[in-house]
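Trainee: Please read through the structure below; I'll follow up with questions.
The values are calculated or read from the model by the stated rules, or taken from the named source; none is laboratory data. As the structure is a computational prediction, the values presented were derived from the model and not from experiment. Cβ: placed from backbone, ideal geometry, glycine included. Neighbour counts: every protein chain shown. We work out accessible area using only protein heavy atoms, side chains counted, and drop any ligands, DNA or RNA first. Shrake-Rupley method; radii C 1.70, N 1.55, O 1.52, S 1.80 Å.
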Amino acid sequence: MDKKKVGNILGFTSLVPVIASIIAFLVLRGPDADTYLGITIFSVLSIIGIALAIGSWVMSRKSVPVSIVGIITNGFVLVGAFLLLLAMGIGEK
């Protein structure tokens, strides 16, 4: 395989953690949901997605739009997980 094809595969694979985070959010909702488990799942999936997007950008420089979309969407998930963690810390006082 050439570098461009591997970069495209990594780019589209970087969007899978975003979809998995959305599915996890829909499954883990409810009044008795473990919030810290959700924060952990969102954070780990987001970091994996960002790493895949950066790998895609390094492997194929011409396929930058897929890499940018992967970094931005996974960044939004990571920021959301951080804000949820912040809200849980403030709410415990």
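Trainee: How about segment 49-66: which of its residues are touching a Lys or Arg at 6+ places or on another chain (Cβ under 6 Å) and open to solvent by 60 Å² or more (accessible area, probe 1.4 Å)?
Mentor: Met59 - this is the single residue of segment 49-66 that is touching a Lys or Arg at 6+ places or on another chain (Cβ under 6 Å) and open to solvent by 60 Å² or more (accessible area, probe 1.4 Å).
Trainee: What's the number of the only condition in (1) open to solvent by 40 Å² or more (accessible area, probe 1.4 Å); (2) at pLDDT 95 or above that Asn8 fails to meet?
Mentor: Result: Asn8 fails condition (2) only.
Trainee: Would you point out which residue out of Ser43, Ser60 is hydroxyl-bearing (Ser, Thr, Tyr) and in contact with a Gly (Cβ under 9 Å, 6 or more places away or on another chain)?
Mentor: Ser60
Trainee: Consider Thr40 against the criteria (1) of a type in the set (Ser, Thr, Tyr); (2) at pLDDT below 90; (3) surrounded by fewer than 18 Cβ atoms within 10 Å (Cβ to Cβ): it satisfies all of them except one. Which criterion is unmet?
Mentor: (2)
Trainee: When Tyr36 is evaluated against the numbered criteria (1) within 12 Å of the chain's Cα centre (by Cα); (2) farther than 10 Å from Gly70 by Cα; (3) hydroxyl-bearing (Ser, Thr, Tyr), which criterion, by number, is the only one it fails?
Mentor: Answer for Tyr36: the failing condition is (1).
Trainee: State yes or no: is Phe76 among the aromatic types (Phe, Trp, Tyr) and within 20 Å of Ala33 (Cα to Cα)?
Mentor: no
Trainee: Just to be sure before I move on: is Ser46 part of a helix (DSSP H, G or I), at pLDDT 95 or above, open to solvent by less than 80 Å² (accessible area, probe 1.4 Å) and in contact with a helix residue (DSSP H, G or I) (Cβ under 6 Å, 6 or more places away or on another chain) in the structure I sent?
Mentor: Yes: the conditions hold for Ser46.
Trainee: Just the residues that are more than 22 Å from Lys5 (Cβ to Cβ) and hydrophobic (A, V, I, L, M, F, W, C), please, taken from segment 60-85.
Mentor: Ile72, Phe76, Val77, Leu78, Val79, Ala81, Phe82, Leu83, Leu84, Leu85
Trainee: Where the second residue is open to solvent by 50 Å² or more (accessible area, probe 1.4 Å) and hydrophobic (A, V, I, L, M, F, W, C) and the first is closer than 14 Å to Thr40 by Cα and lies in segment 1-26, which pairs have Cβ atoms under 6 Å and are six or more apart or on separate chains?
Mentor: Close Cβ pairs satisfying both conditions: Pro17/Ile48; Ala24/Ile41.
Trainee: Can you report the number of residues in segment 67-85 which are open to solvent by 60 Å² or more (accessible area, probe 1.4 Å) and touching a Leu at 6+ places or on another chain (Cβ under 8 Å)?
Mentor: So the count comes out to 1.
Trainee: Considering each of Met88, Met1 in turn, give the residue that is open to solvent by 90 Å² or more (accessible area, probe 1.4 Å) and of a type in the set (A, V, I, L, M, F, W, C).
Mentor: Met1
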